[in-house]
């Protein structure tokens, strides 16, 4: 199993390896800058555990946990 | 030579697109809907050196790939109306992501002018943008603006004219980024931007201030209390400012009505003018201050950046019921008034979720229903009044969630959005924008729902006044006759007396009239109800009546707004039938259960 965005610990960084979501969501993730080769880092999570917030291309993007698990990463 | 140009205004959300449009438009902003769509359309005309530019606002999106209804609108506009140029607002703080859309546009052979915004903020944060170099490299004209102050506006318009007059120039780097004839490959595009832009764009700090605020807004301990505080302040602001205005309006209308009563006309005509027309207009006007101030509050929260935090904060709860945190705003507004709440459904971009939010909103107990609860609860359950009112509110919310869940399951998977949203940095809202949003929404309400509400109120008046000479809404009026005919429906619920049926019919016009109607029909006035009501129904029936009032058919103003927002009478009818059925079932259960417990 490859590591996903969901597995990233605070202050860790990762580079997106593959977005394994369905085409519709993949396209949306892409438009937010969550694209293969882009660096991301966790910025925290909502009090109830989901969604999580990631810094990507200098903006904060919030993604539900189930989607975060579909984004594979290389660890830095 | 051409003197008239068409420009589309596009941009990612939170890039100052609306501010730019407002400052370009001055007083002349045309607001409406895209034909056949429920997406808002705004446009304006601008004159610059003898040229006339029609600027059409396109929905704020992150991409022009036609996935959502809003993106389709942008795409269709470009394909069909063939604008001379597209102005794209760009937040220089997130330059790379913004430029992704620029590349998408260029790939469609569109002339683009980039309006770089938030330059001051960026400089403060240590972001440096080399405009000249970027312009050369991207082969696209760039103008630096400050959308909030109107700075750079003239320069931008000059550039729009100049670019419109030029031929489209395909940047030399573009071919190697293409996936097919019309689309770029995102992977290659972002790689290209990151490799080449960084020389002209230095970034140092992140948003320190925003980070600090988020430790409160999204805190495990303080997040929810803070949200409650914000909601409380929002309603406080709205009610403090709108109640005196509503009082003045009501006073003015009753004065006007008393003048009309002095006219030498037959009583029927007087009643038509007084109760029908003036009363009907009055019932539209009372919503105006409420809508105006509520939307000012929402615009303030949205522009400040807090709204998206509230969405993230509550998403987990909503997720269980098949929707997202975006449904929070309409739900909260529903406690004030369902009309602006339904209108606020526009903040939800997903069509299916928006429909659900509109559908279940009437279950949220609006402030017009409170006087009914208080009155009846105090008469029948003086010691437990608070508990009764509280359980009504909670039941409304629970039913709204339950029906959301059922609706979302029944309507299939739909477009699962994944709730991917951006949390923009906190910013000071622009005063003019906020005011304008209040005004735009009030205007839309008056224009779209106003006439419908007026017509419906007239119809109710007519039913209550015919045949001529009958006591208004009395037993022998048409409304009274209908009430008697349908009162058997309410018999199993414990309030089978025909007066309740008539009061409920009036309640469809406006819920707050239920009490005054009952008072009039029992011939005792509102103050006499304390003695009159217990003679007609048992406590269990009274409790069932309250639950029925909570849940049954939305008021006319809400239904008119739902019609305008969804464009579908079928939807309105489905909503009316569902709410009625739910109300009946719940009231029946309450009557049975309460009958056993309190006798």
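Quick notes on this structure:
- Selection over the stretch A:14-42 of residues that are over 22 Å from residue B:67 (Cα atoms) and either at the interface with another protein chain (Cβ under 7 Å from one of its Cβ atoms) or modelled with pLDDT under 90 (or both) gives a count of 2.
- Looking across the stretch A:65-76 at every residue that is touching a helix residue (DSSP H, G or I) at 6+ places or on another chain (Cβ under 7 Å) and within 10 Å of another protein chain (Cβ to nearest Cβ), the one that is nearest to residue B:312 (Cα to Cα) is identified as A:65.
- The condition (being within 20 Å of residue B:541 (Cα to Cα) and out of contact with any helix residue (DSSP H, G or I) (no Cβ under 6 Å at 6 or more places or on another chain)) is satisfied by just one residue among B:469, B:528: B:528.
- Filter pass, residue B:293 being crowded, with 21+ Cβ neighbours inside 10 Å and under 22 Å from residue B:449 (Cα atoms): yes
- When we screen B:197, B:190 for residues that are in contact with a helix residue (DSSP H, G or I) (Cβ under 8 Å, 6 or more places away or on another chain), assigned to a helix (DSSP H, G or I), within 14 Å of chain A (Cβ to nearest Cβ) and at pLDDT below 85, the only hit is B:197.
- From the options B:587, B:593, B:535, B:560, residue that is in a helix (DSSP H, G or I), buried (at least 22 other Cβ atoms within 10 Å of the Cβ) and modelled with pLDDT under 95: B:560
- If the condition is being facing chain B (nearest Cβ under 7 Å) and either in contact (Cβ under 8 Å) with a residue 24 or more places away in the chain or surrounded by fewer than 19 Cβ atoms within 10 Å (Cβ to Cβ) (or both), then the stretch A:43-54 contributes A:44, A:47, A:48, A:49.
- Unique match (being assigned to a strand (DSSP E or B) and either farther than 23 Å from residue A:56 by Cβ or within 13 Å of chain A (Cβ to nearest Cβ) (or both)) among B:110, B:53, B:64, B:78: B:53
- For the stretch A:20-58, the tally of residues that are assigned to a helix (DSSP H, G or I) and over 23 Å from residue B:313 (Cβ atoms) stands at 6.
- Selection count where residues are touching a residue at least 60 places away in the same chain (Cβ under 8 Å), in contact with a strand residue (DSSP E or B) (Cβ under 8 Å, 6 or more places away or on another chain) and not in a helix (DSSP H, G or I), scope the stretch B:122-150: 7
- Residue B:90 being in a strand (DSSP E or B), under 27 Å from the mean Cα position of the chain (by Cα) and within 14 Å of chain A (Cβ to nearest Cβ): yes
- Top-ranked residue of the stretch B:506-520 - restricted to ones that are assigned to a helix (DSSP H, G or I) and touching a residue at least 40 places away in the same chain (Cβ under 8 Å), ranked as surrounded by the most Cβ atoms within 10 Å (Cβ to Cβ): B:514
- Matching entry among B:17, B:72, B:4 (being more than 14 Å from every other protein chain (Cβ to nearest Cβ) and surrounded by fewer than 22 Cβ atoms within 10 Å (Cβ to Cβ)): B:4
The values are calculated or read from the model by the stated rules, or taken from the named source; none is laboratory data. Keep in mind that this is a model prediction, so the values were computed, not measured. Cβ atoms come from the backbone with ideal geometry, glycine included; neighbour counts cover every protein chain shown.
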